[in-house]
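Take a look at the structure set out below.
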Amino acid sequence: MRFRTSRHAGASEGDMTPMIDMTFQLIAFFMVVINFAEADQNARIRLPESELAKPADVPFEMPITLQLTREGTVLFVGEEVPVAGLKPLLRREREILEYRHVKPSTATVIIRADAGAKTGLVQELMEACRDVGFEKFSLRAKHQEGT
């Protein structure tokens, strides 16, 4: 039996489908992994302005963000609770850190309080955090240009 061979065999091109698929997978991966700086912010919170406010030099290693609204409730992990009802949620957060072998005293609690929130509520919030075992705090404010 005789096989026919073609003398004009064209150059074969590679299939680009796997390359395109991998590109889209990488894009999706980086969209999920990227740390958005404003992810922990809520539009309901209007920070007070201060000339001394400045962003942190380096990101916090274990941040816990609490947002105090004008009405006196706290936004934390998708829940809105009064300051008095925050301790069980903070205890749960402490247990998660301890399970990961991280001391709660090394975590930084970021407090974003609305400009209209009462100062006494911010103090109560900090006291509730201390009672549970958190010791480091960072208060947020919007930078105001000096005149």
Could you tell me whether segment 69-78 includes any residue that is of a type in the set (S, T, N, Q), out of contact with any Phe, Trp or Tyr (no Cβ under 8 Å at 6 or more places or on another chain), over 15 Å from Arg140 (Cβ atoms) and loosely packed, with under 14 Cβ neighbours inside 10 Å?
no
In segment 73-92, residue nearest to the chain's Cα centre (by Cα) [restricted to those that are at pLDDT 90 or above and among the charged types (D, E, K, R)]
Arg92
Taking segment 93-106 on its own, how many of its residues are in contact with a Gly (Cβ under 8 Å, 6 or more places away or on another chain) and at pLDDT 90 or above?
1
Modelled with pLDDT of 80 or more, within 18 Å of the chain's Cα centre (by Cα) and of a type in the set (Val, Ile, Thr), is that true of Val109?
yes
Just name the residue that is nearest to Arg140 (Cα to Cα) out of those in segment 89-110 that are touching a residue at least 24 places away in the same chain (Cβ under 8 Å), among the hydrophobic types (A, V, I, L, M, F, W, C) and touching a Phe, Trp or Tyr at 6+ places or on another chain (Cβ under 9 Å).
Ile110
What pairs come out if I take residues in segment 1-26 that are modelled with pLDDT under 85 and pair them with residues that are outside any loop (DSSP other than H, G, I, E, B) whose C-beta lies under 8 Å away, six or more apart or interchain?
none
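The values are calculated or read from the model by the stated rules, or taken from the named source; none is laboratory data. No experiment lies behind these values; they were computed from the predicted model shown. When we count neighbours, we look across all protein chains shown, and the Cβ atoms used for this are built from the backbone with ideal geometry, even at glycine.
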